[in-house]
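Report on one structure; see the data block that follows.
Just so it is clear, none of the values below were taken in a lab; they were calculated from the coordinates. From a predicted model like this one, the values you see are computed outputs, not experimental measurements. All Cβ positions, glycine included, derive from the backbone under ideal geometry; neighbour counts span all protein chains shown.
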Amino acid sequence: MRYLPLSEADRSEMLAAIGAASIDDLFADLPPQKRLAALPKLPPHASEQAVARRLGALAAKNMPAGSVPFFVGAGAYRHHIPATVDHLIQRSEFLTSYTPYQPEIAQGTLQVLFEFQTQVARLTGMEVANASMYDGSTALAEAVLMAHRITRRDRAVLSGGVHPHYRGVVETVTRFPGHAVESLPPDISGTEDILAAIDESTSCVVVQSPSFYGHLYDLKPIAEKAHAVGALLIAVFTEVVSLGLIEPPGAQGADIVVGEGQSLGNPLSFGGPYVGLFATRQKHVRQMPGRLCGETIDADGKRAFVLTLSTREQHIRREKATSNICTNAGLCSLAFSIHLTLLGGIGLERLARVNHANAVRLADQLAALPGVELLNRAFFNEFALRLPKNAAAVVEALAGRGILAGVPASRLEPNRPELDNVLVIAATEVNTEEDRATLTAALREALA
């Protein structure tokens, strides 16, 4: 039996209240060609065994990242995850735990989140971090909204090195409140003059380092210019392993630091779930979205953990909420925290050095090919090349040979002819010398 509690009169009353003539008006932003003209024709039912066989056949068409030379990055990175991580997160007290609505009862969950916050704060060089966000892109959008609240301005300036997906999420979230977003052109050379875009109307300036194209930026002069006009600097990263070598954004003057923590403890998983990292200065803590776990002493004088601050609309009056995010990536943040604990500070630095060294070796090999230009002066484990041919066509050709060669910039930045030949390549600790040699030889043939 279908459960349809609303009558036609109920629907008409609701539509009238919001000023819509019909239900179709609610989908006005969806292009007509993207809408279904009729209900889809689903296949007839089948047995469980037949369905499993069919789905298995479909899954077999995928090319698993670990089965071929893999150099795809652009915001999601393949790293080795110690077996200990998966073993520990599958313990029942972790795997089945959820948001602690009676938080003080869940001391284990609160301690895990407290330790996670501590790690994120130390990694980013900030004073306080929250108990995770949904992913890096939504963390950035929330950071922009937070900057608007703090500065009482509504114009954000986004560097041309910000990941296109992150920029898209910011533009979507700020669209309906009517906030202004100025996105600079793609910075494929790492030479943009972002200082010229900052003025007294600027709420925040957003800079990603390493950028989508792999460039590293000195954030200090950007922070100085932003602070001089009363704006905030939001620093973004998509590759958290880079913080093992690069000076923390907090030490470079960032006011808010956000990023993606997937690289530690979390597999690619076809795009999710991931774990958003969010840190800021202590003076801005009450404008920070999400949850904040704290440490205290209980009635018996023992160490205890509490949910110190929760600014989501489920916990406080909606008009007082700073965020409507209703999911923190608890299990993913635990995986992040376990992996980082296993590495330790020295281990993270060593991992970062291996990543950088592998990327440098690969960049040197590929830049030596005829017609190939390396677009980076400095990078971590990801860099951009300009090829003498269309990058998307080259990637397709190499994929046909069982090599995942990177991400064509035009895939994420369509309708920009200047990016048609730009290829973004990532190299991590999982890439072997044989992998690099295979990619170099295949690319040489594809460009011949």
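In plain terms, the chain from residue 38 to residue 401 could stretch by 126.7 nm, reckoned as 0.36 nm per residue minus the Cα-Cα distance. Summing Cβ point charges (Lys, Arg +1; Asp, Glu -1) relative to the Cα centre of region 70-161 gives a dipole of roughly 400 debye. Taken along the Cα-to-beta-carbon direction at a fixed 7 Å, the label points for residue 62 and residue 378 span 3.8 nm.
Hey, what did the chain get for relative contact order, percent, Cα under 8 Å, at least 6 apart? Let's see the in-between values first.
Details: 828 pairs, mean separation 88.5, N = 448.
20 percent.
Segment residue 270..residue 247, full-extension length gain: 5.2 nm, with 0.36 nm per residue of separation and the alpha-carbon distance subtracted. Charge tally for residue 185 (other residues, Cβ to Cβ under 13 Å; Lys, Arg +1; Asp, Glu -1): -4.
Taking the charge dipole of the chain about its Cα centre, with +1 at Lys and Arg Cβ atoms and -1 at Asp and Glu Cβ atoms, the residue from 19, 276, 339 reaching farthest to the positive side is 19. Just check region 113-217 against the gyration tensor rule for me: Cα atoms, a ≥ b ≥ c as the square roots of the eigenvalues, rounded for a/c under 1.5, and otherwise prolate or oblate depending on whether a/b exceeds b/c. Here region 113-217 falls in the oblate category. Normalised by the number of residues in region 83-340, the average gap of Cα pairs under 8 Å and 6 or more apart makes the relative contact order 27 percent.
Spacing of the modelled spin labels on residue 227 and residue 83, each 7 Å from Cα toward Cβ, amounts to 4.9 nm.
Counting charges near residue 215 (Lys, Arg +1; Asp, Glu -1) among other residues having Cβ under 13 Å from its Cβ returns a value of -4. Its relative contact order, with pairs defined as Cα atoms under 8 Å and 6+ residues apart, puts region 330-425 at 21 percent. Relative to one another, the C-alpha centroids of region 353-374 and region 117-189 are positioned 31 Å apart. Between the beta carbons of residue 282 and residue 349, assuming R0 = 22 Å, the FRET efficiency works out to 0.25 to the nearest 0.05.
If you compute P(r) over Cα pairs in 10 Å bins from 0, in percent for the structure shown, which of (1) 4, 18, 26, 25, 18, 7, 1, 0; (2) 4, 21, 31, 27, 13, 3, 1, 0; (3) 4, 20, 26, 20, 14, 9, 4, 2, 0 do you land on? Among (1) 4, 18, 26, 25, 18, 7, 1, 0; (2) 4, 21, 31, 27, 13, 3, 1, 0; (3) 4, 20, 26, 20, 14, 9, 4, 2, 0, the one derived from this structure is (1).
GNM remark for the chain: springs join alpha carbons under 10 Å apart, and the peak mean-square fluctuation among 85, 205, 144 falls on 85.
In plain terms, the chain from residue 13 to residue 122 could stretch by 33.9 nm, reckoned as 0.36 nm per residue minus the Cα-Cα distance. Simple spin-label estimate for residue 105 and residue 296 gives 1.8 nm between the two label positions (7 Å along the Cα-to-Cβ direction from each Cα).
The string of couplings for region 409-418 from the Karplus curve (6.51, -1.76, 1.60, θ = phi - 60°) is 4, 5, 5, 9, 10, x, 6, 10, x, 5 Hz, one whole number per residue in order, with x for Gly and Pro. Give me the lysines in straight-line cross-link reach of residue 283: C-alpha distance below 19 Å, same-chain residues under 8 apart excluded. Correct list for residue 283: 320. Could you tell me the calculated FRET efficiency between residue 415 and residue 444, based on Cβ-Cβ distance and R0 = 25 angstrom, to the nearest 0.05? So the FRET efficiency works out to roughly 0.25. Taking a Cβ cut-off of under 14 Å around residue 35, the surrounding Lys, Arg, Asp and Glu residues balance to a net charge of -2, with basic ones at +1 and acidic ones at -1. Name the residue from 242, 304, 223 whose Cα lies farthest towards the positive end of the charge dipole of region 83-340, charges +1 on Cβ of Lys and Arg and -1 on Cβ of Asp and Glu. Looking along the dipole axis, the top candidate is 304.
Once the Cβ-Cβ distance of residue 50 and residue 392 is raised to the sixth power relative to R0 = 60 Å, the FRET efficiency obtained is 0.95.
Order these by the 10 Å Cβ neighbour count, fewest first: 45, 356, 339.
45, 356, 339
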